[in-house]
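What follows is a single structure, written as structure tokens, with notes after it.
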Ligand SMILES: Cc1cc2nc3c(=O)[nH]c(=O)nc-3n(C[C@H](O)[C@H](O)[C@H](O)COP(=O)(O)OP(=O)(O)OC[C@H]3O[C@@H](n4cnc5c(N)ncnc54)[C@H](O)[C@@H]3O)c2cc1C
């Protein structure tokens, strides 16, 4: 008998949602989550959009989440396609309010809930997986080994299990976030977006009220424009309007931190007793602010497919899950192309030409897979 029915690699929103939902829906299944717990705070200033509330309800964590220090968000502001920012009021929507997340607390709440619901939590890194006649052998970085009937890759956009198994990544672009935190603590602000000649910026506030500004551009442009170093980054900031005003009088706390942010999609072959959830399955442009809600949703949907497969031998849920992720990504690419198409002020610049070339098609042509980690290493060396 395998040590676990389901082993989930990665304890972020996608992995935890899958684990909690599995325990709720199929309590007979033995579920393990492995996560090294060593991720340093990323300070991206992530917003949880209002519609994510249904997944907090579904996982039974809304009440504790609301009392956990996240800041309510009632609108975003965007100067997309115009010099003047326009507010998108959440209050006009059904769900009314979103949240500016304290990401560490959010992940800690999800992990604690998973443990309370009976998930076996292993603080370790999955180093390798090997296919057995029935299920998998999973080797951990500390040298231990366990067997599992089913695997879930929830390791984020690097998808370390998928990559190890040679599953192809289809990547649409080479978007990079170049992120700087500012002090002292300033007044809270709404998430604000401002396009520029070579990409777009966002500004937001963390729960500790430090301000975060990020420049989003393609990796070659980040290199050319020196956006990986503080001097080049501040020069580009100076050429903006809203962002410059939001950073006025504040001091940068560090050199830009670089994070990959490309749109990508992976499809796990039906023959493998494995699914990918969250960013491991598909990653969206941060312009959408959908990454965490999408990770929660895919974790919940995957849990039903996994339980039906293991408890009833019913594989239709796995097929539906894979189709859902593929269709969701197709719809997302179309919406993203339309959204980028609404900004025409810098149509002669490479960043915008690349996005406008996708209009009318079902999204951009997908790029051959080059490991993002290699790309990031090269950029950090330049910085
Ligand atoms: C600049 C930027 C801004 C963003 N802004 C927003 C926003 O405003 N709103 C929003 O919703 N989303 C936003 N996102 C996206 C969001 O951060 C992700 O979509 C989300 O974190 C995905 O969750 P996940 O659970 O799939 O992966 P992750 O959160 O990346 O979690 C993966 C986990 O797996 C663990 N792991 C990795 N490898 C292994 C291994 N081998 N074994 C075991 N564990 C492993 C990691 O330690 C980590 O804990 C933004 C992203 C970027 C880059």
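The values are calculated or read from the model by the stated rules, or taken from the named source; none is laboratory data. Model, not experiment: these values are computed from the prediction. As a convention, Cβ positions derive from the backbone with ideal geometry for all residues, glycine included, and neighbour counts pool all protein chains shown.
Remark: pairs (first residue in the stretch 179-190, within 15 Å of the ligand (Cβ to nearest atom); second residue part of a loop (DSSP other than H, G, I, E, B); Cβ separation under 6 Å; 6+ apart in sequence or on different chains) = 180/256; 181/43; 181/210; 181/253.
Say whether the condition of being within 16 Å of the ligand (Cβ to nearest atom), under 18 Å from residue 82 (Cα atoms) and modelled with pLDDT of 95 or more is met by at least one residue in the stretch 224-234.
no
Taken over the stretch 191-223, the criterion of being more than 13 Å from the ligand (Cβ to nearest atom) and in a strand (DSSP E or B) is satisfied by 194, 195, 196, 211, 218.
Does residue 81 satisfy being under 30 Å from residue 194 (Cα atoms) and in contact with a helix residue (DSSP H, G or I) (Cβ under 9 Å, 6 or more places away or on another chain)? No: the conditions fail for residue 81. Inspect the stretch 193-208 for any residue being surrounded by fewer than 21 Cβ atoms within 10 Å (Cβ to Cβ), touching a strand residue (DSSP E or B) at 6+ places or on another chain (Cβ under 9 Å), touching a residue at least 24 places away in the same chain (Cβ under 8 Å) and closer than 28 Å to residue 107 by Cβ and give the result as yes or no. There is at least one residue in the stretch 193-208 that is surrounded by fewer than 21 Cβ atoms within 10 Å (Cβ to Cβ), touching a strand residue (DSSP E or B) at 6+ places or on another chain (Cβ under 9 Å), touching a residue at least 24 places away in the same chain (Cβ under 8 Å) and closer than 28 Å to residue 107 by Cβ. Note on the stretch 126-164: residues that are in a loop (DSSP other than H, G, I, E, B), on the phi < 0 side of the Ramachandran plot and crowded, with 18+ Cβ neighbours inside 10 Å amount to 2.
Give, as residue ranges, the helices (runs of 4 or more DSSP H) completely inside the stretch 238-346 that count at least 3 residues that are touching a residue at least 24 places away in the same chain (Cβ under 8 Å) and within 14 Å of the ligand (Cβ to nearest atom).
Numbers: elements: 242-247, 291-312, 316-341.
Output list reads 291-312, 316-341.
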